[in-house]
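Below: the structure, in structure tokens.
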Amino acid sequence: MRLTILLATIVTLAISGQILAAETKQAPAPRVIDVALQDGGLLLGQVVTPEGMPVANAAVTVGTGEQTLGMAKTDAQGRFAFRGLKAGVYRLNAANGTGMYRLWAPRTAPPGAQQVTMIVSGQDLARGQILPRVHTWMRNPWIVGGAIATAVAVPIAIAEHDEGPSSP
């Protein structure tokens, strides 16, 4: 019986280790696009639909981390501009689309840098969502490991204990 419980424990720890390893994998980092700023820290961009049509009158925000640095509205062609930005990494949000951009000071951008940003509406980076509690619990490796350990150990314990009636 002890050997069976030991084997069940080893299997459970192995499975829990795999679950823990799977849960600790990081989501891929968002793609950062290089963009050259114009003189005066001018950032030019356009918001379009997935089909390439311009999105007029869309609110566009620029920020770093949780801080919003500015807001603009797109014109009839979906174009927007921000002035006074410095080199660095920024997040642009508009029309349910978002992107990460590395802005370069004028005349310092690498050759492959874009001159204008483009935000595709409805195509954002990974956004969090509120999951039902059961899904949240099932993402916890300790809870999943405990459930697996119980599922393995209880039948084994019952099978080994069920030897029939004992007589005095």
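The values are calculated or read from the model by the stated rules, or taken from the named source; none is laboratory data. Predicted model only: the values in this text are computed from it and were never measured. Note that each Cβ is placed from the backbone with ideal geometry, even for glycine, and that neighbours are counted across all protein chains shown.
Which condition number in (1) surrounded by 13 or more Cβ atoms within 10 Å (Cβ to Cβ); (2) modelled with pLDDT of 85 or more; (3) over 12 Å from Gln38 (Cα atoms) is the one that Leu125 fails?
Unmet condition: (2).
Hey, can you tell me all the residues within region 81-115 that are under 27 Å from Pro50 (Cβ atoms), part of a loop (DSSP other than H, G, I, E, B) and touching a Gly at 6+ places or on another chain (Cβ under 6 Å)?
Result: Leu85, Asn96.
Residue by residue, here is whether (1) of a type in the set (S, T, N, Q); (2) surrounded by fewer than 20 Cβ atoms within 10 Å (Cβ to Cβ) holds:
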{"site": "Gly45", "(1), (2)": "no, no"}
{"site": "Glu51", "(1), (2)": "no, yes"}
{"site": "Gly63", "(1), (2)": "no, yes"}
{"site": "Leu69", "(1), (2)": "no, yes"}
{"site": "Thr74", "(1), (2)": "yes, no"}
{"site": "Gln77", "(1), (2)": "yes, yes"}
{"site": "Ala81", "(1), (2)": "no, yes"}
{"site": "Gly84", "(1), (2)": "no, yes"}
{"site": "Val89", "(1), (2)": "no, yes"}
